[in-house]
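Asker: Below is one structure. I have some questions about it.
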């Protein structure tokens, strides 16, 4: 089973982002845009994990004690760089709260035998990926200057900084990702509440 841990997004913010994507997707036609219903903030990508061991993952995530926090979706950028763009993302502002939550998730899952990340957590919301190449944020072999997002980048430079709003993060989820001809389909396996401040 292919798994990841993530925050879901409030419907009003999801709708604002969907409206923005509808406006700008013709500016980068050679990329894969993330469907609005699939938008989420990844805290930890687990990858393939044996079905009988999923219970251990749930048990580990139940141990996490973290306060609820506010999270804002503002700004945008490209991974790994604007000139060699493979991923278009929206920025996330949540102070240290989202980073601390991701660290807790990482720590508990490492105890289950899940490999730790070799790069710092970089909170973001992916909106589009190049059709070829890795979706990873860091530099990858084969990265080279390209024009996939050039028209979109020019449009963004002429607009005010993107701001899709702020929401309360009161919970996170363990998700299952199933690959299909229509792309990845995500389903929530279990909810984990965050404590009220």
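Asker: Kindly indicate whether residue 20 is modelled with pLDDT of 95 or more, surrounded by 13 or more Cβ atoms within 10 Å (Cβ to Cβ), out of contact with any helix residue (DSSP H, G or I) (no Cβ under 9 Å at 6 or more places or on another chain) and more than 16 Å from residue 173 (Cα to Cα).
Answerer: yes
Asker: Considering only residues that are outside any loop (DSSP other than H, G, I, E, B) and surrounded by 19 or more Cβ atoms within 10 Å (Cβ to Cβ), look in region 105-123 and name the one that is farthest from the chain's Cα centre (by Cα).
Answerer: Per the stated criteria, the residue is 108.
Asker: Go through region 142-197 and tell me which strands (runs of 3 or more DSSP E), entirely inside it, have 1 or more residues that are under 18 Å from the mean Cα position of the chain (by Cα) and more than 18 Å from residue 124 (Cα to Cα).
Answerer: 171-180, 183-193
Asker: Among the numbered criteria (1) in a helix (DSSP H, G or I); (2) in contact with a helix residue (DSSP H, G or I) (Cβ under 8 Å, 6 or more places away or on another chain), which single criterion is violated by residue 12?
Answerer: Condition not satisfied by residue 12: (2).
Asker: Of everything in region 46-57 that's in contact with a strand residue (DSSP E or B) (Cβ under 6 Å, 6 or more places away or on another chain) and crowded, with 16+ Cβ neighbours inside 10 Å, which residue is nearest to residue 85 (Cα to Cα)?
Answerer: The qualifying residue nearest to residue 85 (Cα to Cα) is 46.
Asker: Now a separate question. Hey, residue 60 hits all of (1) surrounded by fewer than 14 Cβ atoms within 10 Å (Cβ to Cβ); (2) out of contact with any strand residue (DSSP E or B) (no Cβ under 8 Å at 6 or more places or on another chain) but one; which does it fall short on?
Answerer: The single condition residue 60 does not satisfy is (1).
Asker: Further question on the same structure: From the list 24, 5, pick out the single residue that is touching a residue at least 40 places away in the same chain (Cβ under 8 Å) and either under 17 Å from residue 177 (Cβ atoms) or assigned to a strand (DSSP E or B) (or both).
Answerer: 5
Asker: Quick test for you: out of 36, 84, 65, pick the one residue that is touching a residue at least 12 places away in the same chain (Cβ under 8 Å), within 23 Å of residue 189 (Cα to Cα) and more than 19 Å from the chain's Cα centre (by Cα).
Answerer: Every option except 65 fails the conditions.
Asker: Scan 82, 60 and give me the residue that is over 21 Å from residue 13 (Cβ atoms), touching a helix residue (DSSP H, G or I) at 6+ places or on another chain (Cβ under 7 Å) and assigned to a loop (DSSP other than H, G, I, E, B).
Answerer: That would be 82, the only listed residue that is over 21 Å from residue 13 (Cβ atoms), touching a helix residue (DSSP H, G or I) at 6+ places or on another chain (Cβ under 7 Å) and assigned to a loop (DSSP other than H, G, I, E, B).
The values are calculated or read from the model by the stated rules, or taken from the named source; none is laboratory data. Just so we're clear, the structure is a prediction, and the values are computed from it rather than from any experiment. In this analysis, Cβ positions are derived from the backbone assuming ideal geometry, glycine residues included, and neighbour counts consider all displayed protein chains.
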